[in-house]
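Reading through the structure tokens given below for one structure.
The values are calculated or read from the model by the stated rules, or taken from the named source; none is laboratory data. Here the structure is a predicted model, which is why all the values come from computation and not from measurement. Virtual Cβ from ideal backbone geometry, glycine too; neighbours counted across all protein chains shown.
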Amino acid sequence: MRTVYLETFGCQMNELDSELVRGHLESLGYRFTEDPAAASILLYNTCSVRELAENKAYSRLGLAGVRKKKGEELLVGVLGCMAERDGVDMLRRHPQVDLLCGPGELDKLPNLIDNATRTAAISGFNRGEVDGRVALAGNTSRRSAALSASEDDLESLDLARAFDPEQSAGKARSAYVRITRGCNKFCTYCVVPYTRGAEVHRPPDGIIEECRRLAEAGVLEVTLLGQTVNHYRYTHGIAVTVDGVERPQVGPGLKAFRNEVIDDPATTTFARLLSRIHDEVPELARIRFLTSYPRDFGDDVLDAMATRPRICRYLHLPVQSGSNRILKLMNRGYTVEEYLDFVDRVLEKLPDACIAGDLIVGFPTETDEDFEETRTLMQRVPFKNNFIFKYSPRPGTVAIDRFPDDVPDEVKRARNNDLLALQAEVGARVHASWVGRETEVLVERITERSSAPAVSAADGRIRLGSGLSVSPGPNAATPTRPVQVSGRTPGDLITVFDAPDRSTAESLIGSIVRVRIEGSGPLLLRGVSV
Ligand code: SF4
């Protein structure tokens with residue numbers, strides 16, 4: 001039996017891809033290990049959006065190369081965005097790589113592994129030439145035709161998933177469900193439209209079926225995934241069907257979106273999809289979605305969120321910059337005013353909604369004035385958190401060819417630190433506004449931080465958590481210590497509270513606990529269970 005080590009870099013989409021790859025390979029008899037030294041197949045599911053993730057993947061490939069040079073019979077595969085972007089170049093520069101598989105070809109991975117194994121058996125595991133490996137590369141073309149979308153075998157990979165809550169991160173009963181793949185936006189700094197191809201939308205019945213199966217397997221929370229998740233739209237009248245079952249469909253052009261509400265019953269919009277999942281899979285306690293594109297967000301989605309309590313009031317709304325000039329260079333397709341208008345609409349319809357953002361500092365030509373505008377925007381929007389990145393030119397993007405990377409690194413670093421400090425202030429205000437309220441927390445894990453001592457030095461009483469305490473009797477055994485657990489509210493606010501002891505804490509993981517919030521910081525809430 002062959003043992004696989006699979007490491008994932010990058011976004012939630014990659015995490016989901018890895019989960020599906022793992023399930024597929026396990027169903028074919030492959031075994032998985034957490035220890036790369038114990039594996040004969042090393043797979044790296046890569047990300048080319050951030051330089052850091054890419055460098056980590058290269059360093060893993062370097063280590064694999066050393067092992068191969070020492071004579072180990074290892075098969076090394078690069079999956080995901082780097083495989084799609086670099087193609088043959090990757091094989092040339094890294095002779096230790098045996099196979100490449102882009103994100104659109106993951107259903108074919110078992111065949112690629114099979115072919116690579118046969119090739120290695122004939123020509124050895126440590127050969128240097130590219131020939132013989134090129135044929136193992138995935139499809140690097142952008143999927144554009146309706147037919148190629150309808151023939152998309154990735155749909156079967158999504159549908160065939162075998163979710164095991166015991167294997168999921170933190171054993172929390174949470175799972176990702178992909179609803180769209182690819183992106184049509186072409187932001188100038190981003191490689192995703194080239195590596196993941198055009199937007200393809202899964203048929204709603206398949207998505208709902210997947211949610212239902214996950215709920216039956218014990219999942220409480222699903223996160224619907226798409227690069228621009230609110231672009232989800234499936235038009236039934238024109239759908240290609242196979243044996244009466246609808247197939248994935250290429251999305252309409254960008255002009256079809258904007259904020260209009262569609263009444264046509266033959267179209268499943270994002271709002272309708274959310275409502276259907278909510279109404280047809282009542283076992284799901286939470287329905288989330290990631291990542292929203294700030295422009296094309298109709299009020300119908302906000303209304304669905306306002307009227308269906310199990311759709312979480314959380315929006316990840318990357319703004320990227322507070323300067324209209326920079327937004328234009330980024331080709332983001334909206335202005336600061338449009339972004340703020342949307343935030344106002346959200347907070348009007350969903351006053352307790354939580355908003356997270358993404359920001360890039362040091363985009364080419366960003367001046368002090370542009371940066372100041374970003375600071376102003378940050379002070380205006382109640383961001384619970386912001387993912388802040390220093391711009392770095394990424395191979396395969398428009399920006400790397402069009403704009404010189406002219407903001408010095410020390411300026412980028414200073415702006416990055418400045419925004420982190422500002423976000424800490426904004427985040428502290430957002431979190432403080434929850435103190436005194438009660439909310440529900442889906443418990444994910446036991447924290448590493450040690451909890452307060454069980455016996456208070458001040459009064460000698462044993463703290464039981466939840467505000468309760470008792471006096472130790474004369475023959476009292478050594479008291480157990482409270483154990484801190486961490487989870488998330490429906491608005492995705494990280495919340496910690498104490499369980500009376502370790503076994504209670506362990507039993508809480510994966511359950512929803514009502515918590516009263518008693519304190520807060522820039523990044524989290526502290527509470528007691530009620
Ligand atoms: S919306 Fe822009 S940043 Fe997001 S995946 Fe598409 S091109 Fe990349």
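When you go through (1) assigned by TED's automatic domain parsing to the domain that holds GLY206; (2) buried (at least 21 other Cβ atoms within 10 Å of the Cβ); (3) more than 20 Å from the chain's Cα centre (by Cα); (4) within 16 Å of the ligand (Cβ to nearest atom) one by one for THR268, which number turns out not to apply?
(4)
Just one of the numbered conditions (1) within 22 Å of the chain's Cα centre (by Cα); (2) in contact (Cβ under 8 Å) with a residue 60 or more places away in the chain is not true of GLU283; which one?
So GLU283 meets the others, but not (1).
From the list GLY23, GLY10, which one is under 23 Å from TYR189 (Cβ atoms), of a type in the set (Gly, Ala, Ser) and in contact (Cβ under 8 Å) with a residue 60 or more places away in the chain? Outline the logic, then answer.
Working: GLY23 fails: under 23 Å from TYR189 (Cβ atoms).
Just one listed residue meets the conditions, GLY10.
Looking only at strands (runs of 3 or more DSSP E) that fall completely inside the range 1-117, which ones have 3 or more residues that are hydrophobic (A, V, I, L, M, F, W, C)? Give the steps one after another, and end with the answer.
On the way: elements: 3-8, 41-46, 75-80, 99-101.
Because the criterion is at least 3 residues that are hydrophobic (A, V, I, L, M, F, W, C), the strands (runs of 3 or more DSSP E) in the range 1-117 that meet it are 41-46, 75-80, 99-101.
Could you figure out which of (1) touching a helix residue (DSSP H, G or I) at 6+ places or on another chain (Cβ under 7 Å); (2) away from the ligand (no atom under 16 Å from the Cβ) isn't true of ARG288?
For ARG288, the failing item is (1).
Mind listing whichever residues of the range 200-253 are part of a loop (DSSP other than H, G, I, E, B), within 16 Å of the ligand (Cβ to nearest atom) and more than 30 Å from GLY510 (Cα to Cα)?
So the first thing to find is which residues in the range 200-253 are part of a loop (DSSP other than H, G, I, E, B), and the list is 202-203, 217-220, 226-228, 232, 236-240, 243-244, 247-248, 251-253.
Pick out the ones that are also within 16 Å of the ligand (Cβ to nearest atom) and you get 226-228, 232, 251-253.
Of everything in the range 200-253, those that are part of a loop (DSSP other than H, G, I, E, B), within 16 Å of the ligand (Cβ to nearest atom) and more than 30 Å from GLY510 (Cα to Cα) turn out to be GLY251, PRO252, GLY253.
Within the range 391-400, does at least one residue satisfy the condition of being at pLDDT 95 or above and more than 16 Å from the ligand (Cβ to nearest atom)?
No, the range 391-400 contains no residue that is at pLDDT 95 or above and more than 16 Å from the ligand (Cβ to nearest atom).
Residues are listed down the side, and each one gets a yes or a no for (1) under 21 Å from GLY226 (Cα atoms); (2) modelled with pLDDT of 90 or more; (3) among the aliphatic types (A, V, I, L, M):
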position: TYR30; (1), (2), (3): no, yes, no
position: THR33; (1), (2), (3): no, yes, no
position: SER40; (1), (2), (3): no, yes, no
position: ALA57; (1), (2), (3): no, yes, yes
position: GLY62; (1), (2), (3): no, yes, no
position: LEU74; (1), (2), (3): no, yes, yes
position: LEU79; (1), (2), (3): yes, yes, yes
position: VAL97; (1), (2), (3): no, yes, yes
position: LEU100; (1), (2), (3): no, yes, yes
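Can you tell me which of (1) modelled with pLDDT of 95 or more; (2) more than 16 Å from the ligand (Cβ to nearest atom); (3) surrounded by 15 or more Cβ atoms within 10 Å (Cβ to Cβ) is the one ASP279 doesn't meet?
Of the numbered conditions (1) modelled with pLDDT of 95 or more; (2) more than 16 Å from the ligand (Cβ to nearest atom); (3) surrounded by 15 or more Cβ atoms within 10 Å (Cβ to Cβ), the odd one out for ASP279 is (3).
Can you name the residue in the range 322-338 that is within 12 Å of the ligand (Cβ to nearest atom) and assigned to a loop (DSSP other than H, G, I, E, B) and is also farthest from ASN184 (Cα to Cα) among such residues?
Within the range 322-338, the subset within 12 Å of the ligand (Cβ to nearest atom) is 327, 330-334.
Checking which are assigned to a loop (DSSP other than H, G, I, E, B) leaves us with 331-334.
Values: ASN331: 12, ARG332: 11, GLY333: 12, TYR334: 15 Å.
Selected residue: TYR334.
Output the residue which, of all residues in the range 118-132 that are of a type in the set (Val, Ile, Thr) and in a helix (DSSP H, G or I), is modelled with the highest pLDDT. Walk me through how you get there before you give the answer.
Taking the range 118-132 first, the residues of a type in the set (Val, Ile, Thr) are 119, 122, 130.
Filter once more, so that each one left must be in a helix (DSSP H, G or I): 119, 122.
Values: THR119: 76, ILE122: 66.
Here the answer is THR119.
What are the residues in the range 46-76 that are of a type in the set (Val, Ile, Thr), without any contact (Cβ under 8 Å) to a residue 24 or more places away in the chain and surrounded by 14 or more Cβ atoms within 10 Å (Cβ to Cβ), if any? Please lay out each step first, then the result.
Step one: list which residues in the range 46-76 are of a type in the set (Val, Ile, Thr), which gives 46, 49, 66, 76.
Right, trim to without any contact (Cβ under 8 Å) to a residue 24 or more places away in the chain and you get 66.
If the condition is that a residue be of a type in the set (Val, Ile, Thr), without any contact (Cβ under 8 Å) to a residue 24 or more places away in the chain and surrounded by 14 or more Cβ atoms within 10 Å (Cβ to Cβ), then no residue fits.
Of these, LEU43, LEU91, LEU79, which one is buried (at least 19 other Cβ atoms within 10 Å of the Cβ), over 11 Å from GLU7 (Cβ atoms) and touching a strand residue (DSSP E or B) at 6+ places or on another chain (Cβ under 8 Å)? Spell out how you get there, then give the answer.
Details: LEU43 fails: over 11 Å from GLU7 (Cβ atoms); LEU79 fails: over 11 Å from GLU7 (Cβ atoms).
Just a single option satisfies the conditions, and that option is LEU91.
Looking at THR180 and the list (1) of a type in the set (S, T, N, Q); (2) touching a Leu at 6+ places or on another chain (Cβ under 7 Å); (3) within 16 Å of the ligand (Cβ to nearest atom), which single condition is not satisfied?
Here THR180 clears every test but (2).
Residues checked against (1) part of a helix (DSSP H, G or I); (2) at pLDDT 90 or above; (3) more than 10 Å from the ligand (Cβ to nearest atom); (4) in contact with a strand residue (DSSP E or B) (Cβ under 7 Å, 6 or more places away or on another chain):
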position: GLU155; (1), (2), (3), (4): yes, no, yes, no
position: ASP158; (1), (2), (3), (4): yes, no, yes, yes
position: ALA162; (1), (2), (3), (4): no, no, yes, no
position: GLU166; (1), (2), (3), (4): no, no, yes, no
position: GLY170; (1), (2), (3), (4): yes, no, yes, yes
position: ALA175; (1), (2), (3), (4): no, yes, yes, yes
position: TYR194; (1), (2), (3), (4): yes, no, no, no
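What's the number of the only condition in (1) away from the ligand (no atom under 16 Å from the Cβ); (2) touching a Pro at 6+ places or on another chain (Cβ under 7 Å) that GLY357 fails to meet?
For GLY357, the exception is condition (1).
Which of the residues belonging to the range 380-420 are farther than 20 Å from LEU329 by Cα, of a type in the set (S, T, N, Q) and out of contact with any helix residue (DSSP H, G or I) (no Cβ under 7 Å at 6 or more places or on another chain)?
The answer is ASN417, and nothing else.
I need the full set of residues from the range 426-451 which are of a type in the set (S, T, N, Q), more than 15 Å from LEU523 (Cβ to Cβ) and exposed (fewer than 15 other Cβ atoms within 10 Å of the Cβ), in order please. Let's see the steps before the verdict.
Keep residues of the range 426-451 that are of a type in the set (S, T, N, Q), which gives 433, 439, 447, 450-451.
With more than 15 Å from LEU523 (Cβ to Cβ) added as a condition, the list becomes 439, 450-451.
Once the filter is applied, which keeps residues that are of a type in the set (S, T, N, Q), more than 15 Å from LEU523 (Cβ to Cβ) and exposed (fewer than 15 other Cβ atoms within 10 Å of the Cβ), the range 426-451 yields only SER450.
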